[in-house]
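Note sheet for the following structure.
What follows draws every value from the coordinates through simple rules; no lab data is involved. On a predicted model such as this, the values are computed, not experimentally measured, just so you know. So basically every Cβ, Gly included, is an ideal-geometry build from the backbone, and we count neighbours across all protein chains shown.
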Amino acid sequence: MLPVLFPTITGVNPSIVGLGETLLLTGQHFNTVSGQNYVELGAVRATATAISTTQLQVSVPVGISYETIR
């Protein structure tokens, strides 16, 4: 049986971003299939624009709030 590898975020760059800007998340075990990575900035889901197993590049959407990235 194969182990389940959960995605983990180890870095966020830059630490402060504005609407429409790009946020780079680094980590491990991201899914390389478009639409299978979910990044929520507050209550709003962000869209990944570039994907690898160790990096997600997301565009900061309108409607975000000042909350933890999940």
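Remarks
- VAL33 versus LEU5: modelled label distance in nm, points set 7 Å from Cα along the beta carbon direction: 1.5 nm
- For the range 39-54, Karplus couplings with θ = phi - 60° (6.51, -1.76, 1.60), whole Hz, Gly/Pro x: 10, 10, 9, x, 9, 10, 7, 8, 9, 6, 9, 8, 9, 9, 5, 10
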